[in-house]
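Enquirer: This is the structure I want to talk about, given as structure tokens.
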Amino acid sequence: MKILVSVKRVVDANVKVRVRSDGSGVELSNVKMSMNPFDEIAIEEAVRLKEVGVATEVVAISCGLAVCQETLRTALAMGADRAILVETSEELQPLAVAKILKAIADREVPQLVILGKQAIDDDSNQTGQMLAALTDWPQATFASRVKLGKGTAIVTREVDGGLETIAVDLPAVVTTDLRLNEPRYVTLPNIMKARKKSLEILSPAALGLNDIKARVKTLKVTEPAARSGGVQVPNVAALIGKLRDEAKVL
């Protein structure tokens, strides 16, 4: 079984994001970049499925600038067998990424595609669902447990009311939630081994894609409103008064 995993290069989760002075977006110059945390979970799950003998190959894919090779090398160090970079300078929105992944899926013919449920830079939570629509494959989103059987994936997913367990036929698209697993620490020996693994670079045109332009235009990005600091109150009556008059919760 071949598993395809999508990974994205984003601002590191521990970095305080700053908005550009002109409000056109987030400042990326001299900022630490890392793999999207949900995509780390996706890679970890695919590698674990290979380690238990369910999967035979894990292929990592990323889209974007040449620097995305660093993210793919991290995926290779975590245990992916090979990687594919679809290199482009275009602004890639969820639909464009889904089109690219669909083209790669047609080329690689995986039995399972695993993605992070969302990227922490735009929080769109759309790519997995769009990919499932384009491929006409079943989908299981927000997965907190994945078990593969013969031609079927049993997925436990997190919903508002608790947990829901569903069965989907393979090939399928699965998106990962935080509680699916804990990604492994990448060791130096594995980083060195990753340098020798295959990393193929393609262009959208090579995949037959001529329309990956952005459909949504960002008008302005602003910092969230500053929050006032906490205050101490002398007694319960004063607390209730503040909750009623200022917080408006009573």
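The values are calculated or read from the model by the stated rules, or taken from the named source; none is laboratory data. As the structure is a computational prediction, the values presented were derived from the model and not from experiment. Every residue, glycine among them, receives a Cβ derived from its backbone with ideal geometry; neighbour counts consider all protein chains shown. Areas reflect the complete protein model, heavy atoms only, side chains present, ligands, DNA and RNA absent. Shrake-Rupley method; radii C 1.70, N 1.55, O 1.52, S 1.80 Å.
Enquirer: At 0.36 nm per residue, minus the direct Cα-Cα distance, what do T152 and L188 gain on full extension? Give it in nm, one decimal, please.
Expert: 9.4 nm
Enquirer: Continuing with the same structure: Report the accessible area of T135, computed with a 1.4 Å probe over the heavy atoms of all protein chains in place, in Å² rounded to the nearest 10.
Expert: Answer for T135: close to 20 Å² accessible.
Enquirer: So how much accessible area does C63 have, in Å² to the nearest 10, using a 1.4 Å probe?
Expert: Near enough 30 Å² of accessible area.
Enquirer: Beyond a 28 Å Cα-Cα separation, which of these cross-linked pairs lie in this structure: K32/K196; K117/K242; K147/K196; K2/K193; K8/K213? Show your work: numbers first, answer last.
Expert: Values: K32/K196 25 Å; K117/K242 39 Å; K147/K196 31 Å; K2/K193 21 Å; K8/K213 18 Å.
Beyond 28 Å between Cα atoms: K117/K242; K147/K196.
Enquirer: What distance in nm separates the simple spin-label points at S24 and D136, each placed 7 Å from Cα in the Cβ direction?
Expert: 4.3 nm
Enquirer: If you build a Gaussian network model of the chain, linking Cα atoms that sit under 10 Å apart, which residue out of V109, V47, V221 swings the most?
Expert: Of the options given, V221 has the highest mean-square fluctuation.
Enquirer: In addition: Would you tell me the accessible area of E87, worked out with a 1.4 angstrom probe on the heavy atoms of the protein chains, in Å² to the nearest 10?
Expert: Ignoring ligands and nucleic acids, E87 comes out at about 70 Å².
Enquirer: With springs only between Cα atoms under 10 Å, which of V52, V86, V17 fluctuates most in a Gaussian network model of the chain?
Expert: Highest fluctuation among the options: V52.
Enquirer: Give me log10 I(q)/I(0) at q = 0.13 Å⁻¹ for the chain, Debye formula, one equal scatterer per alpha-carbon, no solvent.
Expert: -0.83
Enquirer: Let me ask you something else. So what's the back-of-envelope 222 nm ellipticity for the chain, counting only DSSP H runs of four-plus at -39500 (n - 2.57) apiece and dividing by all residues, rounded to 500?
Expert: -8000 deg cm²/dmol
Enquirer: Hey, another quick one. Need the full-extension length gain, K217 to D169, defined as separation in residues times 0.36 nm minus the C-alpha distance. One decimal, nm.
Expert: Going from the current span to full extension adds 13.6 nm.
Enquirer: On a 1.4 Å probe surface of the protein chains, which of F142, F38 comes out largest in accessible area, and what is the full order?
Expert: From most exposed to least exposed: F142, F38.
Enquirer: Using DSSP to define loop residues, name the trypsin sites (Lys or Arg not before Pro) in the range 1-35 whose beta-carbon has at most 15 other beta-carbon atoms within 10 Å.
Expert: Within the range 1-35, the qualifying trypsin sites (Lys or Arg not before Pro) (loop, at most 15 other Cβ atoms within 10 Å) are K16, R18, R20, K32.
Enquirer: Something else now. Label points 7 Å out from Cα along the Cβ direction at K32 and R195: separation in nm?
Expert: 2.2 nm
Enquirer: Under a point spin-label approximation (7 Å from Cα along Cα-to-Cβ), what is the L178-Q111 distance to one decimal in nm?
Expert: Between L178 and Q111, the simple spin-label model gives 3.2 nm.
Enquirer: Please tell me the relative contact order of the chain in percent, rounded to the nearest whole number, where contacts are Cα pairs under 8 Å and at least six residues apart.
Expert: 23 percent
Enquirer: Over the range 131-220, what is the mean sequence separation of C-alpha contacts under 8 Å (at least six apart), divided by residue count, expressed as relative contact order in percent?
Expert: Relative contact order of the range 131-220: 24 percent.
Enquirer: Using 0.36 nm times the number of residues separating D121 and D245, minus their current alpha carbon distance, what extension gain do you get? Mind showing how you got there, number by number?
Expert: Details: separation 124, 0.36 × 124 = 44.64 nm, distance 3.61 nm.
In short, 41.0 nm is gained.
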